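For reference, the structure is listed below as structure tokens.
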Amino acid sequence: MGKMMTILLGTGIVLGIVLFVWFRGRRKKIREEKFQANKKVREDVLKQALANQLEPAADIDSVPHRPYRVNYTTGEKQENKEKLPLLQISEKNKLSEKKYIFRAGETVILGEQFGTAGILNGPEGANAWCEIFFQKDSYCVRSLGSHEVSVRRGKKTAIVDGCGIRLKSKDSIKIQETIFQVFYLKG
């Protein structure tokens, strides 16, 4: 009787181990199949988004963020025939490059917000360094006095003061490790 119990106990342990390994392998296989299915769905959605294939029968409102073309114009509603240039600022730092476009009447504030230099959206948590504004026929940059701001034109560099410096297209403004390159866009 004791020998029979030992054999049954050994067989039960071996059978338990076999079932454990089988269930574990099956669960791993199911998990891998789910992962591959999700990966395939993501790849298909990405391919469709990159190809921008929208069915003609699709409702426009049901498709969020449909790409469109933006045309920038200058000098609307002006009595004189002169058109004011738009200002394009290219912000370059170690990790990225961003481009912004501003109209002649807008004042652009550059400074530090949340530990990084950039174009400021609002005063909360921000440390403004300088401002870019339109005066007469060109853009100017003026220091707000809190930090040293420099403008580079070709191989020459100038420190910006409170009076301001006229900017030319392709001038660069340096704040910390971030460079803001200025371009005039004619309309």
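Hey, which of the strands (runs of 3 or more DSSP E) in the stretch 128-187, taking only ones fully inside, have at least 2 residues that are surrounded by 13 or more Cβ atoms within 10 Å (Cβ to Cβ) and within 22 Å of the chain's Cα centre (by Cα)? Please lay out each step first, then the result.
On the way: elements: 138-143, 150-153, 156-159, 172-175, 178-185.
Ranges flagged: 172-175, 178-185.
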Problem set entry | Inter-residue pairs, beta-carbon under 9 Å, first farther than 22 Å from S169 by Cβ and in the stretch 126-137, second assigned to a loop (DSSP other than H, G, I, E, B) and open to solvent by 40 Å² or more (accessible area, probe 1.4 Å), 6+ apart | A126/F114; N127/S146; N127/H147; A128/L144; A128/S146
Exercise. Could you list, in sequence order, the residues of the stretch 103-133 that are more than 13 Å from T178 (Cβ to Cβ) and in contact with a Phe, Trp or Tyr (Cβ under 9 Å, 6 or more places away or on another chain)?
Worked result: R103, A104, G105, E106, T107, V108, I109, G125, A126, I132, F133
Exercise. Would you call I101 open to solvent by less than 50 Å² (accessible area, probe 1.4 Å) and in a strand (DSSP E or B)?
Worked result: no
Exercise. Consider N121 against the criteria (1) touching an Asp or Glu at 6+ places or on another chain (Cβ under 6 Å); (2) not in a strand (DSSP E or B): it satisfies all of them except one. Which criterion is unmet?
Worked result: (1)
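The values are calculated or read from the model by the stated rules, or taken from the named source; none is laboratory data. Quick caveat, the model's predicted, so the values are computed rather than measured. Glycine gets a Cβ as well: all are built from the backbone with ideal geometry, and neighbour counts include every protein chain shown. Heavy atoms of the whole protein, side chains included, go into the accessibility calculation; ligands, DNA and RNA do not. Shrake-Rupley method; radii C 1.70, N 1.55, O 1.52, S 1.80 Å.
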